[in-house]
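The values are calculated or read from the model by the stated rules, or taken from the named source; none is laboratory data. Fair warning: this is a prediction, and the values are worked out from it, not measured in the lab. So basically every Cβ, Gly included, is an ideal-geometry build from the backbone, and we count neighbours across all protein chains shown.
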Amino acid sequence: MSAAAVLADIDWHVEQQVFFYLIATTQVVAAWRVVTTKNIVHAALYLVVVLAGVAAQFILLGAEFIASTQVLVYIGAVIVLFLFGIMLTQARIGAENDLDQPNRLPAVLTAGLLAILTVSTVIRTFEDVELPDNSRTTTASVSDSIFSDYIIAFEAVSVLLLAALIGAIVVARKD
Amino acid sequence: MRTNVFALDPLFLDDVGFEEVGIVLLKVVVAFVMLLVSVMLMVWFERKFISDMQNRIGPNVAGPFGILQTFADGIKLFFKEDLIPERSDRFVFKLAPYLSLVPAFLVFVIVPIGGDFGEDGDGTVTWFGHETFLQVADAPVGVLFFLAMSSLAVYGVMLAGWSSGSKYPLLGSVRASAQMVSYEAALGLSLAAVILKTGSLSSHDIALAQTGGIVNWNVLATGIVPFVIFLIAGTAELNRPPFDLVEAEQELVGGFHTEYSSLRFALFFLAEFMNTVTMSAIIVTLFFGGPAGPTYAGPAWLWGMFWFMLKLLVFLGVFVWFRATLPRLRYDQLMDLGWKILIPLSLGWFLFVAALEIGDNRGWSRVVVAIVSGAALALGALLMSAAISASRRQRLDEQAESDSPVGAR
Amino acid sequence: MELTTTWYLVLGAIIFAIGASGLMIRRNPLVMFMCVELMLNAVNLTFVAFGRELDDLGGQVSVFFVLVVAAAEVVIGLAIIVAIMRHRSGATADDLSVLRG
């Protein structure tokens, strides 16, 4: 009996649920702190928690390649760049007061409305959709997909990266 | 279905019960203890080896040959006063040592430390009637996991420097993070050649592909270049000499951990040496066949473990040798080496290996493919060096202009 | 209660809304960038959840592209921010109007 067949027989739903709720709660709290914290480095660290949570959710969804890429690119490079930029410009310890703009109420109201709208729509539309158990994604299948169906997008993104690289060098040069 | 998340360790082929969980826990505990003990021995080995090279005696008081010196140091650090600077960010200051320790532990999870990698072995052992791999987890994305964890190691250094609320640690940490981020690209690109050759990201598969003689080892199969790049970039990633600008004593006091004392300092110290051990283990796994080697009498998995330990020891020795003999690089030299030499070279070599691979698949002559792609790469290298020297000339001209009193802006 | 795609979508929606509120509340350009990353990740989560539900690899591939685009965006954005901060420290998003030229 193949390994795949055996693993398919196991009922994973309980574990998946428990971890989903744990991670989701952490993510929401951390995301909230990104928006409310008074210190810019702390905001970056809370963002790391959210991103790591997203990577964990990817693993729960069976997307291991994307999960590890998420850690590698987002946590390992993007946030490090953020921290780098922070430290080059304004690495203060303690609370900073000019992080927020003065009138917050409209912003909070708009975002709240957005949240209510999207959540209610999502719940109404996808109420009874179960997560299927049959999606098997390996790194190989993802890469096959990238280099066949999505090859043009891949090339476009490569050119975009090159342009960003050159642009960043030009902008950051001493003038 | 989660086959893709769990590694396909033969252990999980049957129903997963208490015995299987017990074996996994046992593996975790054994790996943890082994890593700690090896770090202890590594500190002693490094000090003793350097002493020998410098014609000194080195630690010789605690225990036979001073082998308990690390233990004594640990106890000393444990009983020292734990200082937290007044102007620090207390929470991040306390968090940082763990952030550098945990990734160091986690990388070791994917290293196969033994098993039957002989002529026709498949890298398994049979314990308590269960067949399994001698590694904690065989993640299908093993190599990516290693890269991800080594990119996480920046956080400990960066946050330690920032949260100390002091100038030198901040400078040290900014240096360190720039260094680690730039060398990670070379590290990943040199790994790409290995992945291309093996066709798998799993560390177990990579070790398995290298069985059956030295010619199959990736160090030869991919040409020597990726290994050399990986070794250099790995040394830089570890912040070890000659790339230890992070803690250049003459310039930065102690670097990012200047303000740390007591147990928190011990954690950084531990993480540094643990990273050295795991990086050596990764090099052995990726380039030197891991536990592969001839097996003789006795259980084959024990031979695998023996060969692995032997190769590991060689690389630990190499790292100490670097430290004892090479002078520290200047910061601009470090950046030049990383960006202008290692990254283009590893990228070019990766393309070269890929061209040979494709040529083999299509049945083209190896010599022709090698000559054509070599010529293309040489042309690329020529163009790049021309561009670099042109920009340098321009920079020098501008400098001369702004230095002269007449041309002052 | 069975775990359904809905839960992932709801989580994504909540994080997206939090990110959007942050983008409106904050005025430090770096933190605003972080809020954009929050929103992007919320969308990534829904991509993968949908990909799982429909058994389509396109979901994961889109996330891959989003990752790349986010990296490019951060590189450019940080270069601009650092260049501005060099001239006037403590700049807020309002000060970016100097880019008008």
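Residues in the stretch B:73-90 that are within 13 Å of another protein chain (Cβ to nearest Cβ) and under 31 Å from the mean Cα position of the chain (by Cα) were compared, and the one that is nearest to B:R47 (Cα to Cα) is B:I84.
Residue-wise test of (1) surrounded by 16 or more Cβ atoms within 10 Å (Cβ to Cβ); (2) in contact with a helix residue (DSSP H, G or I) (Cβ under 7 Å, 6 or more places away or on another chain); (3) modelled with pLDDT of 90 or more.
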{"site": "B:I282", "(1), (2), (3)": "yes, yes, yes"}
{"site": "B:P294", "(1), (2), (3)": "no, no, no"}
{"site": "B:A300", "(1), (2), (3)": "yes, no, no"}
{"site": "B:F319", "(1), (2), (3)": "yes, yes, yes"}
{"site": "B:P327", "(1), (2), (3)": "no, no, no"}
{"site": "B:R366", "(1), (2), (3)": "no, yes, no"}
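The condition of being touching a Leu at 6+ places or on another chain (Cβ under 7 Å), farther than 20 Å from B:I110 by Cβ and in contact (Cβ under 8 Å) with a residue 24 or more places away in the chain does not hold for B:F268. The set of residues from the stretch B:162-202 being away from chain A (no Cβ under 13 Å) and within 23 Å of A:A77 (Cβ to Cβ) comprises B:A186, B:L189, B:S190, B:A193, B:V194.
The single residue among A:V142, A:V170, A:V159 that is out of contact with any Lys or Arg (no Cβ under 9 Å at 6 or more places or on another chain) and facing chain C (nearest Cβ under 7 Å) turns out to be A:V142. When you look at C:T6, is it in a helix (DSSP H, G or I), facing chain A (nearest Cβ under 7 Å), polar (S, T, N, Q) and more than 12 Å from the chain's Cα centre (by Cα), yes or no? When the stated conditions are applied, C:T6 passes them. Within the stretch B:75-103, residues that are polar (S, T, N, Q) sit with their Cβ atoms under 6 Å from residues that are part of a loop (DSSP other than H, G, I, E, B), at 6+ positions apart or across chains, in these pairs: B:S88/B:S164; B:S88/B:G165.
Any residue at all in the stretch C:28-40 that's touching a residue at least 24 places away in the same chain (Cβ under 8 Å), within 7 Å of another protein chain (Cβ to nearest Cβ) and of a type in the set (V, I, T)? No; the residues of the stretch C:28-40 include none that is touching a residue at least 24 places away in the same chain (Cβ under 8 Å), within 7 Å of another protein chain (Cβ to nearest Cβ) and of a type in the set (V, I, T). For the stretch C:57-64, state whether one or more residues are within 7 Å of another protein chain (Cβ to nearest Cβ), within 17 Å of A:I75 (Cβ to Cβ) and out of contact with any Pro (no Cβ under 6 Å at 6 or more places or on another chain). Yes, the stretch C:57-64 contains at least one residue that is within 7 Å of another protein chain (Cβ to nearest Cβ), within 17 Å of A:I75 (Cβ to Cβ) and out of contact with any Pro (no Cβ under 6 Å at 6 or more places or on another chain). Would you mind stating whether B:N239 is under 16 Å from the mean Cα position of the chain (by Cα), buried (at least 18 other Cβ atoms within 10 Å of the Cβ) and among the polar types (S, T, N, Q)? Yes; evaluated as a whole, the condition is true for this residue. For the stretch A:100-122, the set of residues classified as hydrophobic (A, V, I, L, M, F, W, C) and either exposed (fewer than 15 other Cβ atoms within 10 Å of the Cβ) or more than 9 Å from chain C (Cβ to nearest Cβ) (or both) consists of A:L105, A:V108, A:L109, A:L113, A:I116, A:L117, listed by residue number. Do we have any residue at all in the stretch B:109-117 that's among the β-branched types (V, I, T), assigned to a helix (DSSP H, G or I) and touching a residue at least 40 places away in the same chain (Cβ under 8 Å)? Yes, because at least one residue in the stretch B:109-117 is among the β-branched types (V, I, T), assigned to a helix (DSSP H, G or I) and touching a residue at least 40 places away in the same chain (Cβ under 8 Å). Just a yes or no: is a residue in the stretch B:205-226 at pLDDT 85 or above, closer than 30 Å to B:G255 by Cβ, assigned by TED's automatic domain parsing to the domain that holds B:G115 and surrounded by fewer than 24 Cβ atoms within 10 Å (Cβ to Cβ)? No, that holds for no residue. Go through the stretch A:55-92 and give me each residue that's without any contact (Cβ under 8 Å) to a residue 40 or more places away in the chain, under 30 Å from B:S88 (Cα atoms) and facing chain B (nearest Cβ under 8 Å). The answer is A:V71, A:L72, A:I75, A:G76, A:A77, A:V80, A:L81, A:F84, A:M87, A:L88. All of (1) in a helix (DSSP H, G or I); (2) in the same structural domain as B:L171 (by TED's automatic domain parsing); (3) surrounded by fewer than 22 Cβ atoms within 10 Å (Cβ to Cβ) hold for B:V277 with one exception: (3).
Residues are listed down the side, and each one gets a yes or a no for (1) modelled with pLDDT of 90 or more; (2) under 15 Å from C:G59 (Cα atoms); (3) outside the structural domain of A:Q16 (by TED's automatic domain parsing):
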| position | (1), (2), (3) |
| --- | --- |
| A:T121 | no, no, yes |
| A:T125 | no, no, yes |
| A:V129 | no, no, yes |
| A:S143 | no, yes, yes |
| A:E155 | yes, no, yes |
| A:L162 | yes, no, yes |
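Is there a residue in the stretch B:374-395 that is under 30 Å from the mean Cα position of the chain (by Cα), surrounded by 16 or more Cβ atoms within 10 Å (Cβ to Cβ) and not assigned by TED's automatic domain parsing to the domain that holds B:E237? Scanning the stretch B:374-395 turns up at least one residue that is under 30 Å from the mean Cα position of the chain (by Cα), surrounded by 16 or more Cβ atoms within 10 Å (Cβ to Cβ) and not assigned by TED's automatic domain parsing to the domain that holds B:E237. Candidates B:P112, B:P103: the one that is within 13 Å of another protein chain (Cβ to nearest Cβ) and modelled with pLDDT of 85 or more is B:P103. Taken as a whole, the stretch B:78-86 holds no residue that is of a type in the set (A, V, I, L, M, F, W, C), farther than 28 Å from B:Y168 by Cα and in the same structural domain as B:A185 (by TED's automatic domain parsing). Can you find even one residue in the stretch A:61-69 that is surrounded by fewer than 23 Cβ atoms within 10 Å (Cβ to Cβ) and within 24 Å of B:S150 (Cβ to Cβ)? No.
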